[in-house]
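See structure below.
The values are calculated or read from the model by the stated rules, or taken from the named source; none is laboratory data. Just so we're clear, the structure is a prediction, and the values are computed from it rather than from any experiment. Backbone-built Cβ (ideal geometry, glycine too); neighbour counts: all protein chains shown.
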Amino acid sequence: MKKNKEKEEYNMGSKNKILIVDDSPINRSLLIDILSPEYDIVEVENGLEAIGYIEKNLESISLVLLDIVMPVMNGFEVLMLMNKNNWIQYLPVITITSDTASQSIDKAYDLGVCDYINRPFDDLIVQKRVQNTILLNAKHKQLENMITEQILEKEKNNLLMIEILSHIVEFRNGESGMHVLRIRIITEFLMRSLSQRSENYHFSDSYIAEVMNASSLHDIGKTMISDTLLNKTGKLTEQEFEIMKRHTLFGAQILKDIPYFKQESLIQTAHDICRWHHERYDGCGYPDHLTGEQIPISAQIVALADVYDALTSKRAYKPPYSHDKAVEMIMAGQCGAFHPELLDCLFHGSQQLNERLTIYETEDSLLNLESQSMNEHIFKKTSVSNRTFALLEQERTKYKFFASMSGEIQFEFNIKSNILTVSEWGAHHLNMPEIIIAPIENQTMLEIISLDSLNEFQNKVKSVSIDHPIVEIITQIKVKEDWRWFKILARPLWVENDIPEITDVIGKCVDIHDEYTKMNKLKRIAAQDSLTKLSNHKTARQQIEMIMSKHPYEHYAMILIDLDYFKNANDFFGHMFGDEVLRYFSKKLLDCIGEKSIISRVGGDEFMVFIKYEGDVEKRVREIHDCVSCRYKEYPISLSMGIALYPENGDDYEDIYKHADQALYSAKKSGRKQYSFYQE
């Protein structure tokens, strides 16, 4: 074995690596003999060599055995340098000493060592203390990794909450949540630029994150402004502009009146931004005409970000300006006066900002960018364990705040424990507990949502994949004795083992009742003939084509009906009477055929019926013809009918309709008041 100043490595493989730092060759040799069967060993003879080796190989070392009394650089000096470089956070150290004085041992512990070993060496004690220290450090790292993953997941969930809130705030004035997400990116860019360029402002990462999150609420007061005003395409009148300006006051009041977390720094910052993001540096802004440093710097930054994004985005009242034009307008003072140092950051960082926003043009890209920034922030060389609890507490506050502000019902379901947790606001809104065990069997749960809906949701969760993780269903939920339509949006969370396993499901329930019922009404109106309330031709065709695709081997008859000489009703009695005849005939058709069949008004006095039949189809056609041949008041209603059979006379809609039309022409040509089947 070599006994010189060069480090020696033994049994290099997949074992844990121990660095022995001792100026005594005999001590190093004894430790190698004790430990080399179980570990890879590296040995150096002084502290300076140890620092050089650790600096290059920090990640690969599992433990340092460090002598205290050495030439060149002693053990305490090594420990002080390890603390200065934060290596002591990741690399456990056991000191080697013959000095059992408590003062030396206390000093070593104060500098971060995990344990100490006395000389002369006891083989068993050395082995056990080394083994225990390495195992404890491995457990510690595993725990840190688990907590870090939780932080990452919480941050991702927070980004989802930001996205949700963005859409809520922007939905009413016809914009996507992209505006709020871009404001966050621009805000971060300006804050980091200002920290680098200014002697007056130096923002911490946590404060930057706080302002970014608070910026998402800058226009929340617009929820109190009417849709008509928000979406007006022309220039606002003076009176309308005065109303619009009040959104700053509304937003500040909303935040001031929230029932929870009033003293949180995030809410205070959000309040400042809401109220003063339209103030200008020269006092020409609103609502309070603040000047210069009277305006909180957070509001000044978001104000500039908001103006830049408004200029470069399409609005109801204007097309988007280019990046260069927007910067030119801001620098020329056309959008008001801004903090000179912020203008300097925008001007000198213009190209970088443009490239950043160009790369992340879509919502997914912006969210991915924020995830990336968050990851970089978490894995900086500061202590993970010291940061963990503060971050988790911050995430809890942010999550609860956004949940209460969104006016939505958030939930989380843990698969293993079978426990559903509902946000505080959501539980109060639905008059249910915040925590429900086995929700699919819980009577309270089943009183507010049907078992069929729960089963549908459960089946959709089971069918998703990591590539397509979003679950969506529309169902009714009982709110204060009323059943309302909700959209449930959710995504599972996986543990990515060899076979990914779903551990949790997070989601939200969005009340879409008013929009959904209105949309259904509009759909019904769009699908109906306005005069007769029967299906219109387009809707009937879609329904028939769906039947053909799903039931290609079942038998159907398409019947085209034309009222004979209907023109006489309009000519002799007037068009209002003609409309009455058509409405009466439509009702007669429904009475004779039933609502299970497809009945539509094709146009004018022509109708279409699509019925399923078994056996004698002509008998059924004759019954229909006789039933609907009638009188309205003194006006006789006679009709001609053309029939084509599916699939005998064609295998798609175009063929069947064309052949039924040909049969109708044949019936009319033969004298009307009769029906005719298609003949090839």
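Observations, loosely collected:
Quick grid of which residues meet (1) assigned to a helix (DSSP H, G or I); (2) free of Cβ contacts under 8 Å to residues at least 12 places away in the same chain:
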| position | (1), (2) |
| --- | --- |
| V64 | no, no |
| M70 | no, no |
| L81 | yes, no |
| L91 | no, no |
| I96 | no, no |
| Q103 | yes, yes |
| A108 | yes, no |
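Here's the yes/no breakdown for (1) at pLDDT 85 or above; (2) polar (S, T, N, Q); (3) out of contact with any Gly (no Cβ under 6 Å at 6 or more places or on another chain):
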position	(1), (2), (3)
E408	no, no, yes
N418	no, yes, yes
E434	no, no, yes
D452	yes, no, yes
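- Subset tally (residues that are in contact with a Leu (Cβ under 9 Å, 6 or more places away or on another chain), of a type in the set (A, V, I, L, M) and closer than 17 Å to H537 by Cα) for region 572-615: 7
- You will find that of L181, L194, the residue that is at pLDDT below 85, assigned to a helix (DSSP H, G or I) and in the same structural domain as P296 (by TED's automatic domain parsing) is L181 and no other.
- Here the condition is being in contact with a helix residue (DSSP H, G or I) (Cβ under 9 Å, 6 or more places away or on another chain) and among the hydrophobic types (A, V, I, L, M, F, W, C); of I525, I470, I559, I547, it holds for I559 alone.
- Yes/no for A390 being more than 26 Å from S206 (Cβ to Cβ), in a helix (DSSP H, G or I), among the small types (G, A, S) and modelled with pLDDT of 50 or more: no
- Flag if V64 is under 47 Å from the mean Cα position of the chain (by Cα) and under 23 Å from N118 (Cβ atoms): yes
- Taking region 428-466 as the range and being under 20 Å from R491 (Cα atoms) and in contact with an Asp or Glu (Cβ under 9 Å, 6 or more places away or on another chain) as the test, the residues that pass are E434, K460, I466.
- Of everything in region 596-655 that is among the small types (G, A, S) and surrounded by 22 or more Cβ atoms within 10 Å (Cβ to Cβ), the residue that is nearest to L560 (Cα to Cα) is G642.
- Among (1) outside any helix (DSSP H, G or I); (2) over 18 Å from N16 (Cβ atoms); (3) free of Cβ contacts under 8 Å to residues at least 60 places away in the same chain, the one test that F121 misses: (3)
- Annotation for region 124-135: no member residue is surrounded by fewer than 20 Cβ atoms within 10 Å (Cβ to Cβ) and more than 18 Å from L35 (Cα to Cα).
- Filter result (of a type in the set (D, E, K, R) and modelled with pLDDT under 90) within region 570-591: D571
- Some residue of region 151-168 being under 26 Å from the mean Cα position of the chain (by Cα), of a type in the set (G, A, S) and either under 19 Å from Y90 (Cβ atoms) or at pLDDT below 80 (or both): yes
- Figure legend. Inter-residue proximity from region 614-639: first residues under 27 Å from E580 (Cβ atoms), second residues surrounded by fewer than 13 Cβ atoms within 10 Å (Cβ to Cβ), beta-carbon distance below 7 Å, spacing 6+ or different chains. Indicated pairs: I637/R631.
- Just one of the listed residues (Y584, Y646, Y632) is hydroxyl-bearing (S, T, Y) and under 18 Å from A557 (Cα atoms), and it is Y646.
- Residue in region 490-513 that is aromatic (F, W, Y) and under 27 Å from E595 (Cβ atoms) present: no
- Top-ranked residue in region 17-42 [being out of contact with any strand residue (DSSP E or B) (no Cβ under 7 Å at 6 or more places or on another chain) and in a loop (DSSP other than H, G, I, E, B); ranked as modelled with the lowest pLDDT]: S24
- Residue count for region 64-76 satisfying the condition of being surrounded by fewer than 23 Cβ atoms within 10 Å (Cβ to Cβ) and either under 21 Å from Y90 (Cβ atoms) or aromatic (F, W, Y) (or both): 2.
One line per residue, one yes/no per condition, for (1) in the same structural domain as L30 (by TED's automatic domain parsing); (2) modelled with pLDDT of 85 or more:
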residue	(1), (2)
S62	yes, yes
V72	yes, no
G75	yes, yes
M80	yes, yes
N85	yes, no
L91	yes, yes
T97	yes, no
A101	yes, no
V126	no, yes
